[in-house]
Amino acid sequence: MWRVAVVDDQASVRTQMESYFERYQQEQGERFQISAFQDAAQFLDRYQPEYDLVLMDIDMPGMDGLTAAHRLRKLDPSVVLIFVTNLAQYAINGYEVSAVDFVVKPVSYAKFAFKLERALKLALPKDRPMVLIKTEEGTVAIQRGDITYVEVQGHNLFYHTGEETYRVRGSLKQAEEEFGEMPFFTCNKCYIVNLAFVDAVRENVAVVAGDEIVVSRPKKKAFMEALAAYYNRAAS
């Protein structure tokens, strides 16, 4: 089942989108769970990264769609976003928030179905493992495979990805409980690295996504064995 959020201040548009999803569901055999919101603040205040697709208007009272989309991306970098709007001239700015498409109102069913089919192909597979991280701004969903390394500083954990770094309260033990299996490896008391992002190893330093991280001497042998095992498995 696909989980969809429709964010639009016009009740008629929300109703139309819901009817279009129902028709598409009957025609294509897909299943949708639709949540409708009349304003962006209502949508974001208690946002949980559980949606596969978000349809969002741009011209809304209070918080406009582009501002809301920037906030959404901080909470959920991977959800597929489509703008449904009267303001086609502003929708082009959607690249700033990784919007995959936009639809200009009034929306015909044929156009809706075409855009939806494309969006569903871009949505993440359901079985792709995700990590839910509770930051000060809210709960963020991160693809497990996008985490390059986890860093411990005091009572804080820093989750590094290619795009962002997320800070949460936590300990190395908590991180190890979550990332204690391949392809993650604890290379010292402050770092857990994703072996998929190890670019090179020089003496006791591993280059991980361009950053240099020390591998403690007691762990060096096990680290190299784990790295070799990872690449052997990837090649098989």
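Quick note: the coordinates plus some simple rules give every number you see, no bench work behind them. Keep in mind that what you see is a predicted model, and the values were worked out from it rather than measured. Because the Cβ atoms are built from the backbone with ideal geometry, glycine has one as well, and the counts that use them run over all protein chains shown.
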DSSP loop trypsin sites (Lys or Arg not before Pro) with at most 13 other Cβ within 10 Å excluded, longest remaining stretch of the chain = 47-125
In debye to the nearest 20, the charge dipole size for the chain, taken about the Cα centre with +1 at each Lys and Arg Cβ and -1 at each Asp and Glu Cβ, equals 680
Simple Cβ-charge dipole of the stretch 2-122, Lys/Arg +1 and Asp/Glu -1, about Cα centre, in debye nearest 20 = 240
Based on other C-beta atoms within 10 Å, arrange Y159, Y231 from fewest to most.
-> Y231, Y159
In Å, the Kirkwood hydrodynamic radius from C-alpha pairs for the chain sits at 19.8
222 nm mean residue ellipticity, helices alone, for the chain (DSSP H n ≥ 4; -39,500 (n - 2.57); rounded to 500) | -10000 deg cm²/dmol
Using only the alpha carbons of the stretch 2-122, determine the length spanned along each of the three principal axes and report them from longest to shortest in whole angstroms.
-> 35, 28, 25
For the stretch 161-236, what does the alpha-carbon gyration tensor say about shape, rounded, prolate or oblate, given a ≥ b ≥ c as the root eigenvalues, a/c under 1.5 as rounded, and a/b over b/c as prolate?
-> rounded
Sorting A11, P106, Q38 by the position of each Cα along the dipole of the stretch 2-122 (Lys, Arg +1; Asp, Glu -1; all at Cβ), the one nearest the positive end of that ordering is P106
Tally of Lys pairs whose C-alpha atoms are under 19 Å apart, taken over the chain, 8 or more apart or cross-chain | 9
Fewest to most neighbouring Cβ within 10 Å: what's the order for L227, L116?
-> L227, L116
R0 = 22 Å: FRET efficiency of T139 with D211, Cβ-based, nearest 0.05?
-> 0.25
